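What follows is a short report on a single structure.
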Ligand SMILES: Nc1ncnc2c1ncn2[C@@H]1O[C@H](COP(=O)(O)OP(=O)(O)OP(=O)(O)O)[C@@H](O)[C@H]1O
Ligand SMILES: [Mg+2]
């Protein structure tokens, strides 16, 4: 175990980008108040959110040297995200806020059982574009992660492909997490697939993207289009991972405290655990174990990253074992 700690102390630079949102988390009542009424709820809190931000924080809490790349609004929500990332020691060396942009916020209604419902606007969000990749400082970066690729509206289709291709040209490995595409633009990921080393979709997203139903067929479809490693997230059933040589299921871990409080950001924590493990040279099955363990911790508290503290916590969970 000491070897794991030592490995995580190595400075490894991961550039992370993707969805960046301010979440207003509400412990939702069974019914919403009628117009003119008010209702007491157990908790309302503000939290950093969006797949990209959540994964960056999840990596920082594991001691990984990580930067977050974004183009956001010069507004209260943008300032909040900047403060949060700085507080978590996420570097902002490819970060810009400007008045003509709007930073996205969402109201997240969390039910007693941990299920979520969202109220959100369609515009705004991280406006990072290919141009920002072309002018980026790549030295020292070993891995690039794109969290919630469909939310980067200025980096779709051939532009995303070109950005990942550029990363590869700098010797940087790449990973992409999908997100449900509310614009129904699933195919905009296809040109980028040959440049994706690790694709980490949820089962629902992978089904929609590929048209296949079971994880093996999904992985075969994606390998056929150039993805090297596919890891399909299966919620409480853990994950299924596949390369052209190997494939296996990896079960979920028991949730600390024994109760799922909020599944917000489970998939994003999963990506953070996975990337952290790969950066310290863990083999693929072990990286998927780290991913499942870090995600099981994430679902134990309200908010995407609230429960994620440090790498000792991950090591303890790995020792506790799977469900
Ligand atoms: N009930 C649970 N118990 C233990 N682990 C869980 C549970 N639910 C989810 N997880 C962990 O979280 C991971 C990601 O969950 P899920 O498959 O829902 O991904 P996702 O849809 O991308 O999540 P998100 O909605 O956060 O983006 C799972 O692979 C698993 O490791
Ligand atoms: Mg997800």
Go through the stretch 116-153 residue by residue and tally those that are more than 20 Å from residue 201 (Cα to Cα), without any contact (Cβ under 8 Å) to a residue 60 or more places away in the chain and in a loop (DSSP other than H, G, I, E, B).
9
If a residue counts only when it is near ligand 1 (Cβ under 10 Å from one of its atoms), which helices (runs of 4 or more DSSP H) contained entirely in the stretch 233-323 have at least 3 such residues?
266-279, 284-298
Residue check: is residue 175 part of a loop (DSSP other than H, G, I, E, B), within 17 Å of the chain's Cα centre (by Cα) and within 16 Å of ligand 1 (Cβ to nearest atom)?
no
Does the stretch 106-115 contain any residue that is more than 30 Å from residue 300 (Cα to Cα) and either at pLDDT 95 or above or part of a strand (DSSP E or B) (or both)?
no
Taking residue 165 as the residue in question, decide whether it is more than 14 Å from residue 16 (Cβ to Cβ) and surrounded by 15 or more Cβ atoms within 10 Å (Cβ to Cβ).
yes
Among 251, 256, the single one that is away from ligand 2 (no atom under 16 Å from the Cβ), over 17 Å from the mean Cα position of the chain (by Cα) and farther than 22 Å from residue 110 by Cα is 251
Please work out which one of (1) in a loop (DSSP other than H, G, I, E, B); (2) within 16 Å of ligand 2 (Cβ to nearest atom) is the condition residue 227 fails and give its number.
(2)
Out of everything in the stretch 182-217 that is surrounded by 14 or more Cβ atoms within 10 Å (Cβ to Cβ), touching a residue at least 40 places away in the same chain (Cβ under 8 Å) and more than 18 Å from residue 237 (Cβ to Cβ), what residue ends up being farthest from ligand 2 (Cβ to nearest atom)?
192
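The values are calculated or read from the model by the stated rules, or taken from the named source; none is laboratory data. Not measured: the values here are computed from a predicted model. Cβ atoms come from the backbone with ideal geometry, glycine included; neighbour counts cover every protein chain shown.
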